[in-house]
Amino acid sequence: MAKQDIQIKTRDGVAKAGLFRPASASSTKAGIILYMDAFGPRSALDAMAERLAGDGYAVLVPDLFYRFGAYGPFDAKTAFAEEKSKAALMAMVGGTTQEMTISDSGAFLEALAAEGVIGPIGTVGYCMGGARALNAAAAYPDRIKAAASFHGGNLASDAADSPHHKAAAIKARVYVGMAGVDRSFPPEQSARLAEALRVAEVDHVIENYVGMAHGWCVSDHGVFDAVGAERHWKRLGVLFAETLI
């Protein structure tokens, strides 16, 4: 797949992003925004974007931490075990609010349109990106037709920016893949999110990946699970194939 490094003008600066296209640009079905996990854009996420591009989508992988300038790279297996890298990561995660990413997502959509991607858009997020993928769907319902979260945290927390509060604005089909045991998305939050989506009449599935740990989908995580990752790819493929048409 072809990767293009682009720069996206946002309200707060310029975000770097990778844009991945199918080998034949004329075969592009639609667009996807892949919201990163806490370790930032890197080869593991590039490989995931390439896989989606292989299915015929134009895939944008933006750097959500661009406001902090140069950082990393971080090793997903050890970054939270080392105090220095953990502190740096937590500062960037905490300093990149949901509202910032919602605003940035408007620029991401404009960037895709400028590249000729004017069809339906899907979003998918991992870890910290999960809530952002859902919040983007709520903020841009006319463009985003599918939204997925995998091992996303705080999807139905007490915070004002929790995605479940915005369920009524979502017009996309939603898929949530949760780790079997995940402190960032415990059973009570799963139940709260399910109820909010049900009441809002959002077409959705929340699936429990029993035995999988937070981070199981991404190949450079210490808890990566190849079987679980393939299951996630099957679910994601069906979601996008049925909605981004």
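The values are calculated or read from the model by the stated rules, or taken from the named source; none is laboratory data. Because the structure is predicted, anything quoted here is derived from the model rather than measured. A quick note on method: Cβ atoms are made from the backbone with ideal geometry, for glycine too, and the neighbour counts reach across all protein chains shown. Surface areas here come from the heavy atoms of the whole protein model, side chains and all, with no ligands, DNA or RNA. Shrake-Rupley method; radii C 1.70, N 1.55, O 1.52, S 1.80 Å.
Annotations
- Which listed residue, of A38, A76, is among the aliphatic types (A, V, I, L, M), touching a His at 6+ places or on another chain (Cβ under 6 Å) and part of a loop (DSSP other than H, G, I, E, B): A76
- The criterion of being within 17 Å of A38 (Cβ to Cβ), of a type in the set (D, E, K, R) and open to solvent by 10 Å² or more (accessible area, probe 1.4 Å) holds for D220.
- Of the residues making up segment 117-142, those that are open to solvent by 20 Å² or more (accessible area, probe 1.4 Å), touching a residue at least 12 places away in the same chain (Cβ under 8 Å) and over 26 Å from S157 (Cβ atoms) number 3.
- Hey, E110 of a type in the set (D, E), assigned to a helix (DSSP H, G or I) and exposed (fewer than 13 other Cβ atoms within 10 Å of the Cβ) or not: no
- Here the condition is being at pLDDT 95 or above and under 23 Å from A79 (Cα atoms); of H232, H214, H204, it holds for H214 alone.
- Qualifying residue in segment 230-244 (condition: in a helix (DSSP H, G or I), open to solvent by less than 20 Å² (accessible area, probe 1.4 Å) and either touching an Asp or Glu at 6+ places or on another chain (Cβ under 8 Å) or free of Cβ contacts under 8 Å to residues at least 60 places away in the same chain (or both)): yes
- Contacts under 8 angstrom Cβ, first residue in segment 162-187 being at pLDDT 95 or above, partner among the acidic types (D, E), 6 or more apart: K171/D142; R173/D203; R173/E242; V174/D203; Y175/E207; V176/E207; G177/E207; M178/E207
- Qualifying residue in segment 79-93 (condition: closer than 28 Å to K3 by Cα and open to solvent by 70 Å² or more (accessible area, probe 1.4 Å)): no
- Out of A53, A47, A15, A38, sole residue that is small (G, A, S), surrounded by fewer than 18 Cβ atoms within 10 Å (Cβ to Cβ) and in contact (Cβ under 8 Å) with a residue 12 or more places away in the chain: A47
- The residues on offer are S184, S103, and the sole one that is outside any helix (DSSP H, G or I), within 17 Å of the chain's Cα centre (by Cα) and surrounded by fewer than 21 Cβ atoms within 10 Å (Cβ to Cβ) is S184.
- Residue ID - farthest from K77 (Cα to Cα), chosen from residues in segment 20-35 that are part of a loop (DSSP other than H, G, I, E, B) and free of Cβ contacts under 8 Å to residues at least 60 places away in the same chain: S24
- The lone exception for G153 - which of (1) more than 11 Å from Q98 (Cβ to Cβ); (2) open to solvent by 20 Å² or more (accessible area, probe 1.4 Å) it fails: (2)
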